[in-house]
Every structure is written in structure tokens, then in C-alpha cells.
Amino acid sequence: MKKIIYLAVLLLANIATYATDLTENFVTGTPRITAMSQLAFGPQGILFVGDSKSSQVFAIATNDLEKPAGEIKVSIRDLEGKIAAMLGAKKEDVLVHDIVVNPISKNIYMAVSRGRTKGDSFWKLPNDLEDATILLRIKNGKDFEEVSLKNVKYSQISIPNPVDKGKKNWRGNLRADVITDLAYANGTVYVAGLSNEEFASTFRRVPFPFKGKVTSSTLEIYHGAHGKYETKSPIRAFVPYKLNGKDHILAAYLCTPLVTIPEDKLKEGKHVRGKTIAELGMGNMPLDMVVYTREGKDYVLMANTTRNVMKFAIDDIASTKANITTRTKVRNGAEGVKYVSFPRVLQQLAKFDDKSVLMVTRFPNGSLTMLKMSTKWF
């Protein structure tokens, strides 16, 4: 009998540990989000919102915890038109800034703006043109609704030493690049972007729940197409991943160096030089990176502004001897780790589940379309 009681107590203790409420220290109110620059999901339906304008990261309890009853299909044509009709805006004024999928409910979340400014160009991303202030949700792959952020449970933390609000470069105002990408893994929120340091490219790690100190490291990488080391260009897309048993950040930059950075080097106040393992061509910006598994092997998909979707084998990245430290021979070609190209340019890419990804692409007829695609096609 004592043994049975002991096992029951042990089981309850394990359940309690597993069910720790990560929102326990959240407050209830309306978070003052000024720009939904980047989105990411964590555990327990917690949505992270990176706000470049205010230099804050918000953690929001969505309470969106119900698993879907069956398989969800997603095939939404004229995405901008449907959003515009919902918001009472013109179709041409709608901008989709980021998309993520709640890993529990499989509902799709979108950061959106309306009233698009003039000035679209080859180099401009949505965050360069407008501040996304609207959060939308697509339920069951088809039903649109606006997500109210009034009286929600949330937490927030400041990103230290952001680049000044009035600072500019050839692309425009740099404030939009305080947070260029965002991810959650293993109890940490990872934040890429720009700081006000001399070496502006900065990577930050934030323990979650938001109690500990933000760790900031400045970055330096060799850009083979430019033939020089660079410290001012931020990471544009990244994923945390283990390579050869060690935690790394796999990152891609403008024009398009692919870089690995050991996570144990990312310590407070340290300047870190990443290893450039590939150059993937000029005139391009990486947008999103997603890891998926197929036939027991892990791969990375990367969406780009001007180039097709690229697929990299993690085994190739882990085993590569490439370390580019001199100007590449072909400025607009590819060197280093090899990739497979798929004939589609995307505007957004996100992981849907273990067997599929979510894509937003513009069809030849001009229709912006959201599709769920099986990874067996990649």
C-alpha cells in the first residue's frame, strides 16, 4: 500500500512539474505594442511579439490551447483581399508582415498593417514601410478573426541599447531593424537585430519567463561577395540548432552569406565572429528559415526576397569544411554548402507541423496566396 501511495505522489509531482504555468507572473492588461515586427510561438500557446519601434519583446497568453479535431487544410487565395474586406481597407494598402502557427491549435497568426506608404522598392520589407499594429488569426485554416489584445495576460522585457530612432542608412530608417528575427527554444527567446554599438549587428538571448538579464553579443561575419568582414548588417533569418552535439545559431544575412555561430560564444558583452559556410548570391534578402525532418534526416528551408526557396541538409552543414574568408570567385553565384532550389519565390514561410509548412506566395495573376504544403514535396 505504501508503495502504491509513493508512486501516486511521485506521479503527481511529475505532472505538477510538467504543467508549470509559464504565465504565472504575467500581468493582466493591454500591452502597449507599437509595431509587431516579428512573431514567434513558445510553449503553452504563448505568442512572442518583437516590437522594434519600442525595443520590447512581449509574451502574450493566447489561451488558444484546443487541439484540432482532424487534419487542417489551408488554401487561401486573394489573401490581401480577404484581409482588406475584414479591416475595411483597400486591398492594395494591406501588408502582411509575419506569420506563425500555434503549435497546439494549428491556428495561424498574422501581423498586419493597413494604409501602406509609398516607397516600395527592391530592398524594402514590410517593416520598412509600415508598423504592423493588427493581429489576425485564421482558425481551422479558413476562418478570419481579429485578435483583441485588451485585458490579456502578458509579460514584457526591454531590449537594451537599440539603434537610435533617427539613424538611417541607404535602405532607410534603421529602427525597423532593432528586431529582424525572433525564435524560442529551450527556455530562451532569441533576438537578432541592430544595437547602438559600434559593431551594430547584435544577437540577444532572453531567459523565459522574463526574469533574468538579457545577454547581448555583437557579431562579425565575412561577406564573400563583398570581400570584407562586416559588423553593421544584421541577421535577417536564423534558427537555433544542434550541430555535432553543440548548440548553434544558423543565420543568413543580406546578399546572402550563410553563417554558423556556436551558442556558447554568445556571452554578455562579447564580440563574436561567425563562420561563413556559404555565399548564396547578391541582390537578395533571406526572409524565413524552417527546420523539418524527412526520412529521418533534418533539413532547412529558406525563403528569400528574389531567389527561389532553398533547401539545405543539416548533415551537409554539420560536416562542411567551408570557411569563406576571401572574396568569392563568382559575385552572384553560390559557393560553400550546396543547396537544392525549388521554383517558387515566397513572401512568408512558417512551420505548420512535423509534416508540413505554411507558405505565402504571389501567383502570376497577382493573387497573394497562403498554402499548406507537405514536406514530402521538398
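So, ALA225, is that one in a strand (DSSP E or B), in contact with a strand residue (DSSP E or B) (Cβ under 7 Å, 6 or more places away or on another chain) and surrounded by 15 or more Cβ atoms within 10 Å (Cβ to Cβ) or not?
Considered against the rule, which asks whether it is in a strand (DSSP E or B), in contact with a strand residue (DSSP E or B) (Cβ under 7 Å, 6 or more places away or on another chain) and surrounded by 15 or more Cβ atoms within 10 Å (Cβ to Cβ), ALA225 comes out as no.
Could you check, for the range 86-95, whether at least one of its residues is in contact (Cβ under 8 Å) with a residue 60 or more places away in the chain and more than 20 Å from the chain's Cα centre (by Cα)?
There is at least one residue in the range 86-95 that is in contact (Cβ under 8 Å) with a residue 60 or more places away in the chain and more than 20 Å from the chain's Cα centre (by Cα).
Just to be sure, is THR188 buried (at least 16 other Cβ atoms within 10 Å of the Cβ) and touching a strand residue (DSSP E or B) at 6+ places or on another chain (Cβ under 6 Å)?
Spelling it out, THR188 is indeed buried (at least 16 other Cβ atoms within 10 Å of the Cβ) and touching a strand residue (DSSP E or B) at 6+ places or on another chain (Cβ under 6 Å).
Only one of (1) out of contact with any Leu (no Cβ under 6 Å at 6 or more places or on another chain); (2) crowded, with 18+ Cβ neighbours inside 10 Å; (3) farther than 20 Å from LEU194 by Cβ fails for ALA350. Which number is that?
(1)
Restricting to the range 74-117, give me the number of residues that are under 17 Å from ARG137 (Cβ atoms) and part of a loop (DSSP other than H, G, I, E, B).
Total meeting the criteria: 9.
Among the listed residues SER75, SER55, which satisfies the condition of being surrounded by fewer than 20 Cβ atoms within 10 Å (Cβ to Cβ), touching a residue at least 40 places away in the same chain (Cβ under 8 Å) and either under 23 Å from the mean Cα position of the chain (by Cα) or farther than 30 Å from ARG204 by Cβ (or both)?
So the residue among SER75, SER55 that is surrounded by fewer than 20 Cβ atoms within 10 Å (Cβ to Cβ), touching a residue at least 40 places away in the same chain (Cβ under 8 Å) and either under 23 Å from the mean Cα position of the chain (by Cα) or farther than 30 Å from ARG204 by Cβ (or both) is SER75.
Would you pick out the residues in the range 101-136 that are crowded, with 22+ Cβ neighbours inside 10 Å and either at pLDDT below 90 or β-branched (Val, Ile, Thr) (or both)?
Scanning the range 101-136 gives VAL101, ILE108, VAL112.
For the range 281-292: of the residues being among the hydrophobic types (A, V, I, L, M, F, W, C) and either at pLDDT 95 or above or assigned to a strand (DSSP E or B) (or both), which is surrounded by the most Cβ atoms within 10 Å (Cβ to Cβ)?
Start the filter on the range 281-292 by keeping residues that are among the hydrophobic types (A, V, I, L, M, F, W, C), which leaves 282, 285, 287, 289-291.
Then keep just the ones that are either at pLDDT 95 or above or assigned to a strand (DSSP E or B) (or both); that gives 287, 289-291.
Values: LEU287: 22, MET289: 24, VAL290: 21, VAL291: 15.
Filtering the range 281-292 for residues that are among the hydrophobic types (A, V, I, L, M, F, W, C) and either at pLDDT 95 or above or assigned to a strand (DSSP E or B) (or both), the one surrounded by the most Cβ atoms within 10 Å (Cβ to Cβ) comes out as MET289.
The values are calculated or read from the model by the stated rules, or taken from the named source; none is laboratory data. What you see is a predicted model, and the numbers here were worked out from it, not measured in a lab. In this analysis, Cβ positions are derived from the backbone assuming ideal geometry, glycine residues included, and neighbour counts consider all displayed protein chains.
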